[in-house]
Amino acid sequence: MKKLLLILLLIPFFAFAQEPSKENQGIVVRAVVFEGDTIPYMFLKPANIYAPIVFKNKKQAIEFTKLVRHVKKVYPYAKYIGLKYVEYTELLNGIEDKRERERTKNSLEESLRSQFEAELIKLTFTQGKILMRLIDRETSYSTYQVVDQFKGSFQAVFWNSFAKLFGYSLKEKYEPEGRDRDIEMIVVMIENGTI
């Protein structure tokens, strides 16, 4: 009985077995012939490898863990803003009529507000600061410059003054080699899929 059951279970594997197709038997790459031997030649993306992080004490480990959690939460927003910044800049630069450009800006702002405002309001103080720095990383412009470009100088000055009441500055720049070294390391690890 056991042998019959085993045979019945294995029949589907043998009945539907196929030979691999000839078109899917590898990848095409450039090659270099060196001393009669053909060597594949590929361009690989640079890989950043970090040594295991050694913390001085438990408090430092907890702070780093919190930073990882904060960056993981706000990095997708910063990445999205970076993509939308390029898209919207190209779109608005293509509009000649000033009124039409303003209408387009307002409709774009309204769609972004309806999509993200409820989520962004829930960010903590620290997450907001990290988001502003990551926006600078993704767009190469400070949050102040982005607001100035899309909403005007008056709005940029107003929001920067308002932010200063809470200890923020929209003019802060991202410093991957300085104070934002840990954030940069976390972002690279997120992009590489290691955390």
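Rule-based calculations on the coordinates, nothing more; no lab input. What you see is a predicted model, and the numbers here were worked out from it, not measured in a lab. Virtual Cβ from ideal backbone geometry, glycine too; neighbours counted across all protein chains shown.
Worth pointing out:
- For segment 27-42, the count of residues that are of a type in the set (S, T, N, Q), more than 16 Å from Ile183 (Cα to Cα) and part of a loop (DSSP other than H, G, I, E, B) is zero.
- Only one entry of Ile186, Ile190, Ile130 meets the criterion of being surrounded by fewer than 17 Cβ atoms within 10 Å (Cβ to Cβ) and within 26 Å of Ala61 (Cα to Cα), and that entry is Ile190.
- Against the conditions (1) over 27 Å from Val68 (Cα atoms); (2) free of Cβ contacts under 8 Å to residues at least 40 places away in the same chain, Gly178 satisfies every one except (1).
- Test for Leu112: is it more than 23 Å from Thr65 (Cα to Cα), touching a helix residue (DSSP H, G or I) at 6+ places or on another chain (Cβ under 7 Å) and surrounded by fewer than 17 Cβ atoms within 10 Å (Cβ to Cβ): no
- Summed over segment 129-159, the residues that are part of a helix (DSSP H, G or I), within 23 Å of Gly178 (Cα to Cα) and more than 16 Å from the chain's Cα centre (by Cα) give a count of 5.
- Assessment of segment 59-81 against the conditions (under 16 Å from Val147 (Cα atoms), touching a residue at least 60 places away in the same chain (Cβ under 8 Å) and touching a Phe, Trp or Tyr at 6+ places or on another chain (Cβ under 8 Å)) yields no matching residue.
- Taken over segment 160-195, the criterion of being outside any loop (DSSP other than H, G, I, E, B) and under 17 Å from the mean Cα position of the chain (by Cα) is satisfied by Arg181, Asp182, Ile183, Glu184, Met185, Ile186, Val187, Val188, Met189, Ile190, Glu191, Asn192.
- For segment 112-143, filtering for residues that are closer than 16 Å to Thr89 by Cβ and not hydrophobic (A, V, I, L, M, F, W, C) leaves 7.
- Checking each residue in segment 60-81 for being crowded, with 18+ Cβ neighbours inside 10 Å and not aliphatic (A, V, I, L, M) picks out His70, Tyr75, Tyr77.
- For segment 85-102, residues that are more than 22 Å from Glu138 (Cα to Cα) and surrounded by 12 or more Cβ atoms within 10 Å (Cβ to Cβ) total 3.
- Unmet requirement for Arg137, which otherwise passes all of (1) surrounded by fewer than 19 Cβ atoms within 10 Å (Cβ to Cβ); (2) touching a Phe, Trp or Tyr at 6+ places or on another chain (Cβ under 6 Å): (1)
- Residue match in segment 97-117 (condition: part of a helix (DSSP H, G or I) and touching a residue at least 40 places away in the same chain (Cβ under 8 Å)): yes
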